[in-house]
1. Which members of the stretch 21-47 meet the condition of being open to solvent by 60 Å² or more (accessible area, probe 1.4 Å) and in contact with a Phe, Trp or Tyr (Cβ under 9 Å, 6 or more places away or on another chain)?
2. Within the stretch 65-96, how many residues are under 19 Å from residue 42 (Cα atoms), part of a helix (DSSP H, G or I) and open to solvent by less than 30 Å² (accessible area, probe 1.4 Å)?
3. If you go through the stretch 96-140, how many residues are in contact with a strand residue (DSSP E or B) (Cβ under 9 Å, 6 or more places away or on another chain) and modelled with pLDDT under 95?
4. Specify which of the listed residues (7, 40) is among the polar types (S, T, N, Q) and more than 23 Å from residue 140 (Cα to Cα).
5. So, in the stretch 1-20, exactly how many residues are of a type outside the set (Phe, Trp, Tyr), surrounded by fewer than 17 Cβ atoms within 10 Å (Cβ to Cβ) and touching a residue at least 24 places away in the same chain (Cβ under 8 Å)?
Amino acid sequence: MQGADDQQERLDGYIAGYVDGEGCFSVSISRNPTAVFRYQLVPEFHVSQIGERSEVLQLIRERLRCGYIKPNGRNDRTLVLVVRRREDLLSRVVPFFERCPLLSSKQRDFEKFAVVVRAMAKGQHQTLTGFTKLVEIGLSMNGSGQYRQVRWRSLIGHPESSETVRQTGSNPEDTVRAAWRHAESGRNVLTLGQSGRE
């Protein structure tokens with residue numbers, strides 16, 4: 001029995017190390033006219049690998065027991081494992097990486113990510129104060145805004161007005177982003193409280 005435990009511990013350590021290099025914890029915000037403030041927060045965990053070595057993504061998916069694997073883009077050889085379903089993030093992803101913490105500065109992003117996921121599970125994103133706080137946490141992740149520039153006060157304060165957004169990337173719908181993002185069609189169709197596609 002001890003041998004099986006040791007093997008599981010080694011596997012978990014391998015997964016944590018791999019995610020430290022090739023994974024990302026991010027919080028996006030997308031325009032959605034049916035959401036409480038016409039915008040929705042979308043926490044997401046993803047990890048990538050080239051298609052020829054996709055076994056590691058399958059391994060992580062089997063270990064976490066959640067997520068789906070998809071092409072990173074139309075002309076990209078990379079595959080990406082995506083977990084966005086809130087219940088999976090709350091009950092599987094966050095507990096796993098709390099047991100197996102990352103060793104790089106990415107650990108700080110994970111800790112902020114966990115705060116956002118748990119706050120949303122409590123419904124804190126459904127008040128303006130809570131939503132604004134979680135947006136600010138999202139902006140502080142993955143480069144602290146180095147890769148995006150947003151006028152949040154006017155955007156959140158006047159959700160029906162045209163937003164003023166300048167960011168690296170081609171999609172103005174997503175205004176809180178990781179330093180790099182994988183392309184995904186239809187990413188703005190989730191509404192608050194829905195579970196997504198997983």
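1. Once the filter is applied, which keeps residues that are open to solvent by 60 Å² or more (accessible area, probe 1.4 Å) and in contact with a Phe, Trp or Tyr (Cβ under 9 Å, 6 or more places away or on another chain), the stretch 21-47 yields 31, 36.
2. Here the count works out to 4.
3. Count: 7.
4. Result: 7 is the single residue among 7, 40 that is among the polar types (S, T, N, Q) and more than 23 Å from residue 140 (Cα to Cα).
5. Taking the stretch 1-20 first, the residues of a type outside the set (Phe, Trp, Tyr) are 1-13, 15-17, 19-20.
Applying the additional criterion that residues be surrounded by fewer than 17 Cβ atoms within 10 Å (Cβ to Cβ) yields 1-13, 17.
From the residues that got through so far, the ones that are touching a residue at least 24 places away in the same chain (Cβ under 8 Å) too are 11-13, 17.
Residues that pass the stated criteria total 4.
The values are calculated or read from the model by the stated rules, or taken from the named source; none is laboratory data. What you see is a predicted model, and the numbers here were worked out from it, not measured in a lab. Glycine gets a Cβ as well: all are built from the backbone with ideal geometry, and neighbour counts include every protein chain shown. Heavy atoms of the whole protein, side chains included, go into the accessibility calculation; ligands, DNA and RNA do not. Shrake-Rupley method; radii C 1.70, N 1.55, O 1.52, S 1.80 Å.
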